[in-house]
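Remarks on the structure that follows.
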Amino acid sequence: MSPSSYLAEKKALLAAHDPAAIQAGLTRLCRLAETHLRHLWDQAGLGDAASLLAVGGFGRGDLFPYSDVDLLILLREPLPPAAPANGPDAAPRSDMEVRLEQFIGLCWDAGLEIGHSVRTLDECEAEARADLSIQTALLERRYLHGNRSLAIGLGKRLTALIDPKAFWSGKLLEMQQRHAKFEDTPYSLEPNIKESPGGLRDLQILLWISRASGLGKSWYEMIASDLMTREELVELKRADRILKTYRWVLHLVAGRREDRLVFDLQAQVGKRLGYDSSPAVVKSERRVSEEVMQRYYIEAKHITQLNTIILQNLEARLFPQPDAKPEPINHEFRNRGNLLEVIDPMRFETEPSAILRAFIVMQQHSELTGMTTPTLRAMWRARRHINAAFRRDPDNRALFIKFLTQPRGITQELRRMNKWSILSRYLPVFGRIVGRMQHDLFHVYTVDQHILMVVRNFRRFFIPQHAHEYPFCSQLAAGLQKPWLTTLAALFHDIAKGRGGDHSTLGKTEAEKFCRQHGLSKADTRFVAFLVEHHLTMSSVAQKQDLTDPEVIEAFARLVGDQERLKALYLLTVADIRGTSPKVWNVWKAKLIEDLFRQTARRLTGEKARRGDMADRKREEARRLLNLVALDPAAYKDFWESLDLPYFLRTDAGDIAWHTRVLYRQLHSVEPVVRSRMSPLGEGFQVVVYMPDQPDLFARICGYFDSKSLSVLDARIHTTSHGYALDSFLVVDPNGDKDSLAQHYRDILNLVETELIQRLGSRAPLQAPIRGRLSRRSRYFPIKPSVALRADERGRHYLLSVNAADRTGLLYSIARVLSQHGVNLHTARISTLGERVEDVFVIDGAPLANLKHQLQLETDLLEALKA
C-alpha cells in the first residue's frame with residue numbers, strides 16, 4: 001500500500017456512499033482504517049511486541065469522515081525514561097521506541113489522523129482508576145492487531161477495577177455537567193449533535209453504564225436484562241440512525257471535524273439530505289434550515305425520553321430501595337415515595353383515558369414530584385392509543401378541559417405532556433410545531449417551547465411567590481373571571497406558525513375549532529379566538545403608533561370591546577414578549593404597553609380622551625412634582641410657554657418636571673445644554689439636549705451614541721416657539737454591566753454630558769456611519785430591509801417604518817439620510833426584537849410633498865440599511 005492510498009480510498013468511499021445507509025458507511029470507514037493500520041503496524045515491525053487496540057468512537061465501530069482514529073498501544077514493559085536527544089548524556093533509543101515512532105509517522109504520512117496513547121497494563125490500570133473518562137474509553141476497546149494476550153489481560157484488569165455504583169454516579173454527574181454546558185435543552189439554536197442534551201452521548205452513556213454494571217454489552221443484551229423493551233429499541237435505533245446521518249453529512253459539508261449544527265451549515269446539511277427536493281416547492285435556505293432542525297429536535301426529544309426511562313431502570317438495579325409502602329390515591333393510582341404510580345401496569349392499554357386522568361391527579365396532589373419509571377414507560381408505550389377516535393370521545397374532551405381548568409400544575413404538567421409526546425398526540429395541530437424553529441431573529445426557542453414558556457409566564461401572574469416580579473400583572477390576573485380561557489389562548493396563539501400566511505388568523509381558526517369540539521359557549525369561543533387573532537396587536541399599537549393621539553386609543557378600545565378582553569390581552573401580550581427571548585423584553589416596552597392599557601381602560605369606562613385634557617393633566621402632575629422641590633411656577637413660566645401642545649402630550653409628567661428643573665434657567669443659552677440621569681424606569685439612562693436648532697442635530701446626537709456603542713430605545717424631538725431644539729433620549733448600553741453602571745453612574749453620565757457638548761459644539765461634518773457587524777444568525781438568515789412611508793391620518797406628518805437586522809450604527813445611518821434630505825424628525829420609536837429592529841419615525845418637511853423625492857428617500861434609506 002502506498003502512503004497516499006488510504007486517502008484516495010477514503011475519498012472514493014465518501015463520494016460513493018449514500019448517507020441513508022449510515023451504519024454501513026461508518027463500518028466501511030472503520031474497516032478501511034483498520035486495514036491500513038494493520039499494514040502499517042507490520043511495516044513498522046511491531047508484530048506481537050505490543051497490542052494495537054481501537055478505543056473511543058473507533059472502538060465502538062463508529063468512524064465519521066473527519067473523526068480522530070483513537071488508538072491504544074499496549075506494551076509489555078514501560079518505555080525507558082526520556083533522555084536528552086543529544087549531548088554527553090544522550091542515550092540510544094530502544095528498539096521499541098524506534099518502531100513506535102516509525103508506526104506513528106507512517107500513520108500520519110498515510111493521512112490517518114490518529115489520537116494515540118502508549119501504556120502498559122499497569123499504567124492503564126492506574127490511569128483508569130484515576131480518570132473516569134479513561135475508564136470509559138477502555139470500556140469500548142476493540143482488539144485490532146498485535147499481541148492478543150495483552151488485550152485480554154487489559155479486559156480482565158478493567159473488569160476487576162470498575163465499581164458499577166461509582167461509575168454510575170460519575171457518569172451521571174458528567175452528563176449533568178455536560179447538559180448544563182449546553183443550557184440543559186435539546187432545543188439549542190446551534191446544537192452539538194454529539195454532546196448536547198438529546199445528542200448521541202445521551203445514548204452512549206446508557207451502554208457505558210450497562211457494560212460497567214455487567215447488565216449488557218449491547219442493546220439486545222439490555223433487552224434481555226429487562227432494561228428496555230423492543231419497542232423502545234426501535235425508537236432508539238431510529239433516533240440514533242438519524243443523528244448519526246446528520247453528523248456524517250455535517251462532516252462532509254464542513255470539510256472538517258464539526259459536530260455543531262451551526263447556522264451556516266444547517267441548510268447545506270438539509271440539501272444533502274434532500275429537504276429541498278420537493279418538485280412543487282422551491283424552498284429558501286431559511287425554510288430548509290427550519291425543516292432539518294425540526295427533524296433533529298424531534299429525534300433529540302425522543303432520545304431524552306429514552307435516556308430518562310433507561311437511566312431510571314439502571315438506577316433501580318444498581319441502587320435497589322426498600323419497597324416503600326404505597327398510599328392509595330384512587331382506584332387507578334397510588335403514591336409511591338411521592339411519585340405517581342399506576343396500580344395496574346396495563347391500565348393505560350385497556351383504558352387510555354387514564355393517561356389524561358394521570359396528569360389531572362398530578363395537578364391535584366402537590367406532594368407528587370413525578371411519576372415512577374414503570375408508569376412513565378407504560379404511558380409512553382400507550383400513547384399510540386391517543387388517536388382520532390380517542391380525540392372524538394366526549395369523555396376525553398371533558399377530561400382535557402378539566403385539566404385546563406385546574407387551579408395549579410398546568411405549566412408543569414403541560415411540559416410533562418409535551419416531553420412524553422402526549423400533548424402532540426391529543427392536539428395534532430400542536431404536534432406540527434414541535435421542534436419548529438423560526439429564524440426571525442428574535443425567537444430563541446422552538447415554537448412548542450415558546451408556547452409553553454408563554455403559558456408559564458401567564459400562570460406565574462397567579463402565584464403569590466412571584467407577585468413581586470410584575471405586580472401590576474398579578475393585580476390584573478387576580479380579577480380575571482376565567483383565567484383558563486387565556487391559558488387556552490396562550491396554548492393556541494402561535495400554533496399555526498410555519499404554514500405560510502398569517503399565523504394569527506390561521507391560529508384563530510384552529511382555536512375556534514377546538515372550542516366548538518370541546519363544548520365551549522359561543523361567548524367563550526369568541527373570547528379565545530379574539531386573543532389568538534390579536535395577540536400581536538397590543539404590542540404593535542403600543543410600539544408603533546402615537547399613544548397621545550385620542551383616535552389611536554379610540555380605535556384600539558373599539559377593537560377590544562370590554563375590560564375583560566383588555567385585561568386578558570394585556571397579560572397575554574406581556575407573557576408572549578417575555579417568552580420570545582431574554583433580550584426582547586425591557587422596561588421601555590413594558591411602559592408603552594402599560595400606558596396603552598391604562599388609556600384604553602379609561603376609554604372603556606366612558607372617559608373621552610381629548611388632547612387638551614390629556615396635556616392639562618400632565619401639566620398639573622408636573623407642577624405637583626416641581627412644588628415638591630419648591631420651584632415657583634413663575635420661575636418656569638417662560639420656559640413652559642415656549643413649549644407646544646405636542647410636547648406636553650408626548651412627554652411624561654415626570655420627564656416634564658425634570659426637563660423644567662434642569663433647563664428653565666437655560667432658556668436662551670447659546671451653548672449646547674446636555675443633562676442626563678438614570679432612567680426612573682430602572683433600565684438605562686435619559687439624556688436631554690437643549691440648544692438652538694440645527695438641520696442635522698438628531699443625526700449628530702445619534703452619531704455620538706453610535707460611537708459609544710449605546711442603543712437608543714426612544715427619542716422625542718421637539719422645537720420650541722423660539723427655535724430651540726429640546727430632544728430627549730432613553731439610552732442603554734446593550735453590552736454593559738448593569739451593576740457597574742449603578743456603581744459608577746455619576747462618572748458615566750458626566751462623561752456623556754461633557755463629550756456630547758463637545759461633539760455638538762464642534763459643528764464638524766457628519767462622519768460616515770460605522771458598518772457594524774451583523775450577528776452570525778443575521779448573516780445566514782438575513783432579513784430583507786424594508787422601508788414604508790405614508791401620510792398619517794390627519795395629513796400633517798408622515799410615518800416612516802423601517803425593518804432590518806440590528807447592528808451597530810443602524811440608527812445613525814437612518815438619521816444621516818434623513819438629515820441629507822432635509823427631513824424633520826418629531827419622534828422615533830426604536831423597537832428592537834432580539835436581532836431585528838422595527839423602528840417607526842414621525843417626520844415632515846417640504847421635500848416630502850414631492851412624490852419623486854419620497855421615492856428617492858426610500859431608495860437612499862434602503863441603501864443605508866444594507867449591511
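The values are calculated or read from the model by the stated rules, or taken from the named source; none is laboratory data. These numbers were taken from a predicted model, which means no experiment stands behind them. Ideal geometry is used to build each Cβ from the backbone, glycine not excepted, and the neighbour counts take in all protein chains shown. When the accessible area is computed, the model is the full protein with side chains, heavy atoms only, and any ligands, DNA or RNA have been set aside. Shrake-Rupley method; radii C 1.70, N 1.55, O 1.52, S 1.80 Å.
Selection of helices (runs of 4 or more DSSP H) fully inside the stretch 600-669 by the criterion of at least 1 residues being in contact (Cβ under 8 Å) with a residue 60 or more places away in the chain, within 24 Å of residue 719 (Cβ to Cβ) and of a type in the set (Lys, Arg) returns 611-628, 645-650.
Quick check on the stretch 27-36. Is at least one of its residues open to solvent by less than 30 Å² (accessible area, probe 1.4 Å), touching a residue at least 12 places away in the same chain (Cβ under 8 Å), more than 30 Å from residue 217 (Cβ to Cβ) and not aliphatic (A, V, I, L, M)? No, the stretch 27-36 has no match at all. Flag: residue 217 does not match the condition of being without any contact (Cβ under 8 Å) to a residue 40 or more places away in the chain, more than 30 Å from residue 312 (Cα to Cα) and among the charged types (D, E, K, R).
Name the residue that is farthest from the chain's Cα centre (by Cα), counting only residues in the stretch 772-803 that are within 21 Å of residue 734 (Cα to Cα) and modelled with pLDDT of 85 or more. Per the criteria, the residue is 802. Tell me, which residue of the stretch 140-192 that is under 30 Å from residue 96 (Cα atoms) and among the small types (Gly, Ala, Ser) is surrounded by the fewest Cβ atoms within 10 Å (Cβ to Cβ)? Looking at residues that are under 30 Å from residue 96 (Cα atoms) and among the small types (Gly, Ala, Ser), I get 160. Yes or no: the stretch 809-823 includes at least one residue that is closer than 30 Å to residue 261 by Cα, aliphatic (A, V, I, L, M) and at pLDDT 80 or above. There is at least one residue in the stretch 809-823 that is closer than 30 Å to residue 261 by Cα, aliphatic (A, V, I, L, M) and at pLDDT 80 or above.
So for the stretch 404-414 (the condition being over 24 Å from residue 324 (Cα atoms) and surrounded by 21 or more Cβ atoms within 10 Å (Cβ to Cβ)), does at least one residue qualify? Checked against the condition, which is being over 24 Å from residue 324 (Cα atoms) and surrounded by 21 or more Cβ atoms within 10 Å (Cβ to Cβ), the stretch 404-414 yields at least one hit. Scanning the stretch 37-58 for residues that are open to solvent by less than 10 Å² (accessible area, probe 1.4 Å) and in a helix (DSSP H, G or I) yields 37, 41, 58. Scanning the stretch 226-239 for residues that are open to solvent by 10 Å² or more (accessible area, probe 1.4 Å) and either in contact (Cβ under 8 Å) with a residue 60 or more places away in the chain or on the phi > 0 side of the Ramachandran plot (or both) turns up 226, 229, 231, 235, 238.
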